[in-house]
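Shown next, in structure tokens, is the structure this report addresses.
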Amino acid sequence: METLIKHIAEVTGGRIEKYQPVSGGDIAEAFVLETANGSLFLKTLQNPDAKDIFSAEAKGLREMEKSQSIKVPEIISIGQVNETSYLLLEYIEGKNVGAKDFEKLGRGVAKMHQYTTVSFGFESDNFIGLLPQSNRTSTSWPEFYTSERLMPQLEKAVKLGHLLPEETLTKERVLKTCKKLLPDCSASLLHGDLWSGNYLIAQSGIPYLIDPAVYYGHREADLAMSRLFGGFDESFYQAYYEVWPKEPEEAERIEIYQLYHLLVHLNLFGLGYKASVKRTLEKYFF
């Protein structure tokens, strides 16, 4: 760690006075670095894909920044020292979050979703957690969601032994359901992994998004993820729908969009998520 800290000091042109570990999520280790010019946030990872993971994260942050709808931390540096890859960011000191803060966050996410393009996917692949996420573009949302989201995770679940072959589905069956239930829609800029650990409210009250897995897709996919593990405060959704009104069929699609993230968690963290995956598969696809 000392070699890495010395490298960071050289990159930033200032002495690192102290550093301390902080909660950084399930994947990377995280530290707050104290310098003479203020605090920095350092994420580290020792993994064969680590450099690519951090490069993809930085690219996602830049894409959200381009939308001029919501703040993201400034990227200071990306690099590798020995076997450790790192991403160095502006440090955002958070605060206790109230209803007004969730309203700002909801409006910001809705405005980000109004940043659209002509195809679903993204210009490059990235990662969801440690898992590769294919973003090969398509002009059909049901085709993209089938081919680039559900099928890779279903196939991986079988490969890892989390699902038996008879518990999974053919692409044809998945696509048939997706074509039936998923709409023609705009290709909105999505955070891609929008849960409560991936936003910050700064001391100033400004909301920030962090740790993205960006792509362009149906905006409801972000909303569905935000509801998966307890959901955000209701004021978030009220403010969001003031900017972009709720569609009548949204509730019918939530579980289809949550299925992707349940499969990701099954493949990352194991069989504790299998029952939820099977319930959704049996409800919509069998």
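The values are calculated or read from the model by the stated rules, or taken from the named source; none is laboratory data. Predicted, not measured: the structure shown is a model, and the values here were computed from it. Neighbour counts are summed over all protein chains in view; Cβ atoms, including those assigned to glycine, are modelled from backbone coordinates with ideal geometry.
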Could you check how many residues of the range 154-197 are in contact (Cβ under 8 Å) with a residue 24 or more places away in the chain and under 18 Å from LEU130 (Cα atoms)? 11
Of these, SER39, SER69, which one is outside the structural domain of ILE206 (by TED's automatic domain parsing), part of a loop (DSSP other than H, G, I, E, B) and more than 23 Å from LEU131 (Cα to Cα)? SER69
Pull out all pairs, ordered by first then second residue, where Cβ-Cβ is under 6 Å, the residues are six or more apart or on different chains, the first lies in the range 8-35 and is part of a strand (DSSP E or B), and the second is modelled with pLDDT under 90. ALA30/GLY24; THR35/GLY14
Cβ pairs under 6 Å, 6+ apart or interchain, first in the range 44-59 and under 9 Å from GLU83 (Cα atoms), second crowded, with 17+ Cβ neighbours inside 10 Å and polar (S, T, N, Q), ordered by first then second residue, are LEU45/SER85; GLN46/THR84
When LYS179 is run through (1) at pLDDT 95 or above; (2) of a type outside the set (Phe, Trp, Tyr); (3) in a loop (DSSP other than H, G, I, E, B); (4) surrounded by fewer than 20 Cβ atoms within 10 Å (Cβ to Cβ), the failure sits at (3)
Members of the range 29-53 that are more than 18 Å from GLY94 (Cα to Cα) and aliphatic (A, V, I, L, M): ALA36, LEU45, ALA50, ILE53
Out of the residues in the range 241-263 meeting the condition of being in contact with a Phe, Trp or Tyr (Cβ under 9 Å, 6 or more places away or on another chain) and surrounded by 15 or more Cβ atoms within 10 Å (Cβ to Cβ), tell me which one is farthest from GLN133 (Cα to Cα). GLU255
THR146, sole failed condition from (1) among the β-branched types (Val, Ile, Thr); (2) without any contact (Cβ under 8 Å) to a residue 40 or more places away in the chain; (3) farther than 24 Å from SER226 by Cβ: (3)
Any idea which of HIS265, HIS261 is free of Cβ contacts under 8 Å to residues at least 40 places away in the same chain, of a type outside the set (D, E, K, R) and either part of a strand (DSSP E or B) or over 21 Å from GLY98 (Cα atoms) (or both)? HIS265
Residue that is loosely packed, with under 15 Cβ neighbours inside 10 Å and assigned to a loop (DSSP other than H, G, I, E, B), where the choices are ASP211, ASP193, ASP184: ASP184
Residue list for the range 246-278, filter: hydrophobic (A, V, I, L, M, F, W, C) and at pLDDT 95 or above: ILE254, ILE256, LEU259, LEU262, LEU263, VAL264, LEU266, LEU268, PHE269, LEU271, ALA275, VAL277
